[in-house]
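See structure below.
The values are calculated or read from the model by the stated rules, or taken from the named source; none is laboratory data. What you see is a predicted model; the values in this text were computed from it and never measured. When we count neighbours, we look across all protein chains shown, and the Cβ atoms used for this are built from the backbone with ideal geometry, even at glycine. What goes into the accessible areas is simple: the full protein's heavy atoms, side chains included, and nothing from ligands, DNA or RNA. Shrake-Rupley method; radii C 1.70, N 1.55, O 1.52, S 1.80 Å.
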Amino acid sequence: MGHKLIFKDYNEALKNNRLLGLKCQSCGAITVPPKIACRQCAGQDMEITELRGNGKIRTFTTVFVAAEGRESEIPYTIVMVELDEGPWIMGNLETTDPKAASMELIGKRVKMENRVFPGDKYSAGGGARPLFDLVR
Amino acid sequence: MKKVAVVGVGETNFSGPQEKTGVELLAEAATEAITESNLKPKDIKALFVGNVLGDFAEGQGMVQAFAAENIGCLYVPANRYEGACASASMAIRDAFMWVASGYYDIVLAGGVERAATMGTGLATRTFAMFSDARYEYPAGITFPAVFAMLTHLYADTYKIPLQKLREQMARVSIQSYNHGSVNPRAQFFGKNASMPVEKVLGSFMVATPLTLHDCCPFSDGAAAVVLASEEAAKKLTKKPVFITGTGQSSCGPLSNQSDYLPRIRAREISSRRAYEMAGVKPGDIDLCELHDCFSIASLIAAEGLGFFEYGKAGEAWEKGQADIGGKIAINPSGGLKSKGHPIGATGAGQVYEVVKQLRGEVEPARQVPDARVAMTDTLGGDGGTLVDMIFQRGW
Ligand SMILES: [Zn+2]
């Protein structure tokens, strides 16, 4: 059995602010990003489902030392968000002041858009990632 | 399964950029281990080598074959292992399996890396290759960022005020610096002893809340060990150190570990297997070289290995319970933080240390008195590869 959803199609959808996941037909768990097997029960009977992109921040950091090729991006804030559907997902936080990111962010509600990483000489192309905005 | 002993160990200095090539570094560590084992290169039946980024650091792949030929182990099978920072521990565990199976009686395992030679930009980029390239790297994940996020999550999960947690983490770095300062092969030998908490907290920010002094350095270096069957070991040394338990585990990207974070589930599974195989409990371990790539990583590791309760490891460091003379001696070598972290060699460096400790052969200032049972714990990526091994005196 192959993938029901692969990176290429997940990525194209994400570029349009649509977050696709997989719903397990055995245990009901949502798996995102896509894999062949359910992240909870390893069952392979899954159907594509569109997630709302809403959730809350579980943790964060603001990065000051960049990887080669990404020096112009620092400082930037990475967040791990617990989606309302259950899974956690990594993305960035839309903020005008990344240096001000503090523990108060944890638990805050966010809504997803996206930003595209154009790729570098190692990455075989680019990829979108979730860009989260605080819900005010 | 046959019993398997470490009969000899070797190591280069762990340091900043070195002039020697990866092949040369590995060959020197290997030759020291073979010589210490009272063996000749022709006695080695196979090589198992951790090397992560030789391709990027110096355009050199397949370092294991060139090193085998360099030291005179001609035409033997030579395998390379890549499990990010756990690579050498994977190599040693597989070498253990081959000897335990009876197929080989004497093998060499180790690792090499020239991460310092790469410089911060390329090293940061390539280390990030051990997060998920498609679903994590686009967000700009770096290794400090992974453990920085685990720090905030740890503070939130265990309801520890961030400032208090940061002070506990500073104690971890200070203890590692103290041990490394008296380890002649450590990157920070002769440096950083008795660093004040304020200096740790006040150094420049890498990824909030981790400062420079919360982070291990980029390092060059190599380490190697010779493993032998019990019968072969008897003829080679009066002080064989037996590998009595091993475990290894894998898992996916950080966000997929959410059911357990800030705990690293793969470590709990890996270490439990090692404990079961050895028939010992966390309380039986006299010293542990664990994976302290960042100060918070020590707390998470010490809890996952069962040495301290979840959320309590920071208090243990504050009280000296994780130091020599405490409940368990953690990282008497200085650990990754102070001895250094040449990623493909790190696990072999940990084994080098615990073997020397069990033999009672390290500098008095960092010797764990009467050490009998030791453990190594190595983490690759953001929890993607975990290897734990238990070592016991054979005399
Ligand atoms: Zn399922």
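For segment B:390-395, take each phi angle, set θ = phi - 60°, evaluate the Karplus expression 6.51 cos²θ - 1.76 cosθ + 1.60, and give the result in whole Hz per residue in order, putting x for glycine and proline.
In residue order, the calculated couplings are 10, 10, 9, 4, x, 9 Hz.
For peptide A:66-73, what's the mean number of Cβ atoms from other chains within 10 Å of each residue's Cβ?
What the average comes to for A:66-73 is 6.
Divide by every residue of chain B the summed helix terms, -39500 (n - 2.57) for each DSSP H run of at least 4, and state the resulting mean residue ellipticity at 222 nm, rounded to the nearest 500 deg cm²/dmol.
Calculated mean residue ellipticity at 222 nm is -11500 deg cm²/dmol.
Enter the mean number of other protein chain beta carbons within 10 Å of the beta carbon of each residue in B:236-248, as an integer.
0
Summarise the accessible area of the protein assembly as shown (1.4 Å probe, protein heavy atoms) by the percent that is carbon and sulfur.
50
Taking only protein heavy atoms and a 1.4 Å probe, what accessible area per residue, in Å², does segment A:7-51 have with all protein chains in place?
Here the residues of segment A:7-51 average 48 Å² of exposed surface.
Computed on alpha carbon atoms, what radius of gyration and Dmax characterise chain B, expressed in Å?
When restricted to the Cα atoms of chain B, Rg and Dmax are 19.1, 58 Å.
Give the B-A buried accessible area in Å², both sides summed, 1.4 Å probe, nearest 100.
Using a 1.4 Å probe, the pair buries roughly 3300 Å².
Accessible area, 1.4 Å probe, largest first: how do B:Cys85, A:Cys41 sort?
I get A:Cys41, B:Cys85, largest accessible area first.
Starting at the first residue of segment B:364-377, write each ³J(HN,Hα) from the Karplus equation 6.51 cos²θ - 1.76 cosθ + 1.60 with θ = phi - 60°, in whole Hz, x for Gly and Pro.
x, 5, 10, 6, 7, x, 6, 5, 10, 10, 10, 9, 10, 9
What distance in nm separates the simple spin-label points at A:Phe7 and B:Ser194, each placed 7 Å from Cα in the Cβ direction?
5.2
Could you provide, to the nearest whole Å², the per residue accessible area of segment B:171-265 with probe 1.4 Å?
Value returned for segment B:171-265: 37 Å² of accessible area per residue.
Can you give the accessible area per residue of segment B:1-159, in Å², using a 1.4 Å probe?
34
Residues of segment B:131-168 that become at least 40 Å² less accessible with every protein chain present than in their own chain isolated, using 1.4 Å: which are they?
Buried-area filter returns B:Arg134, B:Tyr135, B:Tyr137, B:Pro138, B:Ala139, B:Gly140, B:Met149, B:His152, B:Leu153, B:Asp156.
Cα centroid distance between segment B:86-144 and segment B:3-39, in Å?
Segment B:86-144 and segment B:3-39 have Cα centres spaced 17 Å from each other.
Could you let me know the centre-to-centre spacing of segment B:345-395 and segment B:214-273, using Cα atoms, in angstrom?
Computed from Cα coordinates, the inter-centre distance equals 9 Å.
If you take the alpha carbon radius of gyration of segment A:7-51 and divide it by 2.2 N^0.38 Å, what ratio comes out, to two decimals?
That ratio works out to 1.10.
Once each part is reduced to its C-alpha centroid, what is the distance from segment A:100-126 to segment A:32-70 in angstrom?
Measuring centre to centre over Cα atoms gives 11 Å.
Could you tell me which of rounded, prolate or oblate describes chain A, using a ≥ b ≥ c as the square roots of the eigenvalues of the alpha-carbon gyration tensor, with rounded for a/c under 1.5 and, failing that, prolate when a/b is larger than b/c and oblate otherwise?
Here chain A falls in the oblate category.
Viscosity 1.306 mPa s, temperature 10 °C: give me the Stokes-Einstein translational D for the protein assembly as shown in µm²/s, with Rh taken as the Kirkwood radius over C-alpha pairs.
For the chosen part, D equals 68 µm²/s.
In debye, nearest 20: dipole of chain B around its Cα centre with unit charges on the Cβ of K, R (+) and D, E (-)?
Around 600 debye, computed over chain B.
Pull up the cross-link candidates among the lysines for B:Lys337, meaning alpha carbon to alpha carbon under 18 Å and not fewer than 8 places away within one chain.
Within the straight-line limit of under 18 Å, B:Lys337 reaches these lysines: B:Lys191, B:Lys199.
So how strong a dipole does the protein assembly as shown carry about its Cα centre when Lys and Arg Cβ are +1 and Asp and Glu Cβ are -1, to the nearest 20 debye?
600
Could you tell me the extents of segment A:72-136's C-alpha atoms along the three principal axes, largest first, rounded to whole Å?
Between the extreme Cα coordinates on each principal axis of segment A:72-136 lie 37, 30, 16 Å.
Projecting each Cα onto the charge dipole of chain B (Lys/Arg +1, Asp/Glu -1 at the beta carbon, about the Cα centre), which of B:Ala128, B:Leu358, B:Tyr81 comes out farthest on the positive side?
Of the options given, the answer is B:Leu358.
List the pairs from A:Lys8/B:Lys339; A:Lys121/B:Lys40; A:Lys108/B:Lys164; B:Lys239/B:Lys339 whose alpha-carbon separation is above 32 Å, in the order I gave them.
A:Lys8/B:Lys339; A:Lys121/B:Lys40
Per-residue Cβ counts within 10 Å, from other chains only, averaged over A:116-123: what number is that?
3
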